[in-house]
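J.: This is the structure I have questions about; it appears just below.
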Amino acid sequence: MPRVARLLHTVLDTTDVRGLAEFYRQFLGLVYRPGDEVPGDDDDWLVLTWPDGRRALAFNRVDSSEMAPSDWPAPGAVKHMHLDTVVRSVAELDAEHDRVLGLGASLRLDRSDDPEEPLRAYADPSGHIFCIFVV
């Protein structure tokens, strides 16, 4: 079988690199890559890893003129990209709802009462969409 490319991490553009990295660090239980833990004036690029060291997400500073948050789920709006996350029960979905709102997310879509696929979609503090599904 031929070798194929391997995903290193997903990069999210943002005007606030440290703020968005901190949101996802707390939300997903990630850790800063060694050397990225201490805030600095040059926080233009940060990497978060899983506790075992595998890369998960990276954050890239962009100018506010380059950042157009998604208006999804408005008709005709695009998501640009989004992250899907999962929990095991509606009770966990409800607990995560309160937690991510407290971290600075905003609710965009609530299908928590859907008997076949309960989920909620949010925008992170920079406007990127992410979903929490029950599986």
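The values are calculated or read from the model by the stated rules, or taken from the named source; none is laboratory data. On a predicted model such as this, the values are computed, not experimentally measured, just so you know. Cβ sites come from the backbone with ideal geometry, for glycine too, and all protein chains shown count toward neighbours.
J.: Would it be correct to say that ARG99 is at negative phi, loosely packed, with under 14 Cβ neighbours inside 10 Å, outside any loop (DSSP other than H, G, I, E, B) and not aliphatic (A, V, I, L, M)?
T.: Criteria met by ARG99.
J.: Continuing with the same structure: Looking at LEU20, LEU83, LEU46, which is the one that is within 28 Å of ASP110 (Cα to Cα) and assigned to a strand (DSSP E or B)? Spell out the reasoning first.
T.: Details: LEU20 fails: assigned to a strand (DSSP E or B); LEU46 fails: within 28 Å of ASP110 (Cα to Cα).
On inspection, the qualifying residue turns out to be LEU83.
J.: Next question, about the same structure. Given VAL62, VAL78, which one is at pLDDT below 90 and among the aliphatic types (A, V, I, L, M)?
T.: Selected residue: VAL78, the only one of VAL62, VAL78 that is at pLDDT below 90 and among the aliphatic types (A, V, I, L, M).
J.: Check ARG61 against each of (1) among the basic types (Lys, Arg); (2) in contact (Cβ under 8 Å) with a residue 40 or more places away in the chain; (3) closer than 17 Å to LEU103 by Cβ and name the one condition it does not meet.
T.: The failed condition is (3).
J.: Of the residues that make up the range 49-56, is at least one of a type in the set (Ser, Thr, Tyr), free of Cβ contacts under 8 Å to residues at least 60 places away in the same chain and not assigned by TED's automatic domain parsing to the domain that holds LEU28?
T.: No: zero hits.
J.: Still on this structure, I have one more. What is the residue count in the range 106-126 for residues that are buried (at least 20 other Cβ atoms within 10 Å of the Cβ) and in a loop (DSSP other than H, G, I, E, B)?
T.: Count: 1.
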